[in-house]
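The values are calculated or read from the model by the stated rules, or taken from the named source; none is laboratory data. All values derive from a computational prediction rather than experimental measurement. Here the Cβ is made from the backbone with ideal geometry for all residues, glycine too, and neighbour counts use every protein chain on show.
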Amino acid sequence: MTLPLFIAAHRATIIQFLKFGIVGFLGFFVDFGFFHLGFDWFGFGHYGSALFSFPFAVTFTWIGNRLFTFRGRHEGSASAQWARFAVVCAIGLVLNRGAFSLLTATVPLVYSYPVLGLLAGTCAGMFFNFFFSKRLVFK
(Lines give C-alpha, C1' and ligand atoms only; values in the text may rest on other atoms or scores of the structure.)
Protein backbone atom coordinates (compact mmCIF):
# COMPACT_ATOMS: atom_id res chain seq x y z
CA MET A 1 0.00 0.00 0.00
CA THR A 2 1.39 3.38 -0.94
CA LEU A 3 1.52 6.27 1.50
CA PRO A 4 -1.28 8.23 -0.24
CA LEU A 5 -3.54 5.15 -0.14
CA PHE A 6 -2.67 4.52 3.51
CA ILE A 7 -3.48 8.13 4.38
CA ALA A 8 -6.75 7.99 2.45
CA ALA A 9 -7.77 4.74 4.13
CA HIS A 10 -6.96 6.01 7.64
CA ARG A 11 -7.77 9.72 7.25
CA ALA A 12 -10.27 9.88 10.12
CA THR A 13 -7.91 8.12 12.54
CA ILE A 14 -4.99 10.31 11.49
CA ILE A 15 -7.07 13.45 12.07
CA GLN A 16 -8.16 12.12 15.47
CA PHE A 17 -4.56 11.33 16.38
CA LEU A 18 -3.48 14.86 15.43
CA LYS A 19 -6.31 16.34 17.51
CA PHE A 20 -5.37 14.01 20.37
CA GLY A 21 -1.82 15.33 20.04
CA ILE A 22 -3.00 18.94 20.19
CA VAL A 23 -5.01 18.24 23.34
CA GLY A 24 -2.05 16.34 24.79
CA PHE A 25 0.29 19.22 23.93
CA LEU A 26 -1.94 21.62 25.84
CA GLY A 27 -2.28 19.06 28.63
CA PHE A 28 1.50 18.97 28.85
CA PHE A 29 1.43 22.62 29.95
CA VAL A 30 -1.21 21.84 32.56
CA ASP A 31 1.00 18.95 33.74
CA PHE A 32 4.06 21.19 33.74
CA GLY A 33 2.27 23.97 35.64
CA PHE A 34 0.97 21.69 38.36
CA PHE A 35 4.32 19.91 38.52
CA HIS A 36 5.98 23.22 39.38
CA LEU A 37 3.22 24.07 41.83
CA GLY A 38 3.92 20.79 43.64
CA PHE A 39 7.68 21.21 43.37
CA ASP A 40 8.11 24.92 44.12
CA TRP A 41 5.21 25.62 46.47
CA PHE A 42 4.53 22.33 48.20
CA GLY A 43 8.03 20.85 48.13
CA PHE A 44 6.92 17.44 46.84
CA GLY A 45 10.22 16.81 45.05
CA HIS A 46 10.62 15.51 41.51
CA TYR A 47 8.61 12.30 41.83
CA GLY A 48 5.89 13.56 44.15
CA SER A 49 5.32 16.61 41.98
CA ALA A 50 5.03 14.42 38.89
CA LEU A 51 2.34 12.33 40.61
CA PHE A 52 0.62 15.43 42.00
CA SER A 53 0.23 16.97 38.54
CA PHE A 54 -1.19 13.83 36.93
CA PRO A 55 -4.91 14.11 37.89
CA PHE A 56 -5.03 17.72 36.75
CA ALA A 57 -3.56 16.79 33.37
CA VAL A 58 -5.94 13.81 33.05
CA THR A 59 -9.01 15.91 33.72
CA PHE A 60 -7.92 18.65 31.33
CA THR A 61 -7.16 16.20 28.52
CA TRP A 62 -10.38 14.25 29.08
CA ILE A 63 -12.39 17.45 28.65
CA GLY A 64 -10.39 18.43 25.55
CA ASN A 65 -10.72 15.01 23.98
CA ARG A 66 -14.41 14.80 24.79
CA LEU A 67 -15.13 18.19 23.22
CA PHE A 68 -12.58 18.25 20.38
CA THR A 69 -10.98 14.94 19.41
CA PHE A 70 -13.90 12.55 19.88
CA ARG A 71 -16.78 15.02 19.78
CA GLY A 72 -20.13 13.27 19.80
CA ARG A 73 -18.72 9.88 20.79
CA HIS A 74 -20.24 9.69 24.23
CA GLU A 75 -21.49 6.39 25.57
CA GLY A 76 -22.84 6.39 29.11
CA SER A 77 -22.52 9.13 31.66
CA ALA A 78 -19.76 11.73 31.64
CA SER A 79 -18.52 10.51 35.01
CA ALA A 80 -18.27 6.90 33.76
CA GLN A 81 -16.42 8.10 30.68
CA TRP A 82 -14.03 10.16 32.82
CA ALA A 83 -13.42 7.09 35.01
CA ARG A 84 -12.61 4.92 31.95
CA PHE A 85 -10.30 7.66 30.64
CA ALA A 86 -8.61 7.96 34.04
CA VAL A 87 -8.01 4.17 34.11
CA VAL A 88 -6.51 4.23 30.60
CA CYS A 89 -4.32 7.19 31.58
CA ALA A 90 -3.33 5.52 34.85
CA ILE A 91 -2.09 2.53 32.90
CA GLY A 92 -0.39 4.94 30.48
CA LEU A 93 1.14 6.51 33.59
CA VAL A 94 3.44 3.52 33.84
CA LEU A 95 4.94 4.46 30.47
CA ASN A 96 4.69 8.20 31.07
CA ARG A 97 6.11 8.45 34.56
CA GLY A 98 8.35 5.45 34.01
CA ALA A 99 10.16 7.32 31.26
CA PHE A 100 10.22 10.43 33.46
CA SER A 101 11.64 8.51 36.42
CA LEU A 102 14.21 6.61 34.39
CA LEU A 103 15.49 9.75 32.68
CA THR A 104 15.46 11.81 35.88
CA ALA A 105 17.45 9.13 37.70
CA THR A 106 19.99 8.51 34.94
CA VAL A 107 20.42 11.72 32.94
CA PRO A 108 21.81 14.70 34.88
CA LEU A 109 20.43 17.17 32.32
CA VAL A 110 16.90 15.82 32.86
CA TYR A 111 17.33 15.95 36.63
CA SER A 112 18.29 19.62 36.29
CA TYR A 113 15.51 20.35 33.78
CA PRO A 114 12.64 18.00 34.67
CA VAL A 115 10.48 19.46 31.90
CA LEU A 116 12.55 17.28 29.54
CA GLY A 117 11.51 14.19 31.47
CA LEU A 118 7.88 15.27 31.47
CA LEU A 119 8.03 15.76 27.72
CA ALA A 120 9.61 12.34 27.14
CA GLY A 121 7.02 10.71 29.39
CA THR A 122 4.19 12.45 27.56
CA CYS A 123 5.42 11.08 24.24
CA ALA A 124 5.88 7.57 25.66
CA GLY A 125 2.30 7.42 26.90
CA MET A 126 0.65 9.16 23.96
CA PHE A 127 0.36 6.23 21.59
CA PHE A 128 -0.93 3.90 24.30
CA ASN A 129 -3.46 6.44 25.54
CA PHE A 130 -4.74 7.24 22.03
CA PHE A 131 -5.27 3.63 21.04
CA PHE A 132 -7.07 2.65 24.24
CA SER A 133 -9.01 5.92 24.52
CA LYS A 134 -10.33 5.37 21.01
CA ARG A 135 -11.21 1.72 21.71
CA LEU A 136 -12.45 1.83 25.32
CA VAL A 137 -13.37 5.40 26.30
CA PHE A 138 -14.75 7.32 23.34
CA LYS A 139 -16.65 4.56 21.54
Those residues of the stretch 8-17 which are without any contact (Cβ under 8 Å) to a residue 12 or more places away in the chain and surrounded by 11 or more Cβ atoms within 10 Å (Cβ to Cβ), in sequence order = Ala8, Ala9, His10, Ile14, Ile15
Identify all residues within the stretch 1-41 that are touching a Gly at 6+ places or on another chain (Cβ under 8 Å) and either among the acidic types (Asp, Glu) or under 17 Å from Tyr113 (Cβ atoms) (or both); write none if there are none.
-> Gly38, Phe39
Scan (1) without any contact (Cβ under 8 Å) to a residue 12 or more places away in the chain; (2) in contact with a Cys (Cβ under 6 Å, 6 or more places away or on another chain); (3) not charged (D, E, K, R) for the single condition Leu67 breaks and write down its number.
-> (2)
Per-region count, the stretch 70-95, residues among the polar types (S, T, N, Q) and in contact (Cβ under 8 Å) with a residue 40 or more places away in the chain | 1
Please verify whether the stretch 25-38 includes one or more residues that are surrounded by 14 or more Cβ atoms within 10 Å (Cβ to Cβ), over 18 Å from the mean Cα position of the chain (by Cα) and in a helix (DSSP H, G or I).
-> yes
Being touching a helix residue (DSSP H, G or I) at 6+ places or on another chain (Cβ under 6 Å) and among the basic types (Lys, Arg), is that true of even one residue in the stretch 49-66?
-> no
Just to be sure, is Gly48 surrounded by 14 or more Cβ atoms within 10 Å (Cβ to Cβ), assigned to a helix (DSSP H, G or I), out of contact with any His (no Cβ under 9 Å at 6 or more places or on another chain) and of a type outside the set (A, V, I, L, M, F, W, C)?
-> yes
Just give me the residues in the stretch 14-35 being within 13 Å of Ser49 (Cα to Cα) and either modelled with pLDDT under 95 or in contact with a helix residue (DSSP H, G or I) (Cβ under 7 Å, 6 or more places away or on another chain) (or both), in sequence order.
-> Val30, Asp31, Phe32, Phe34, Phe35
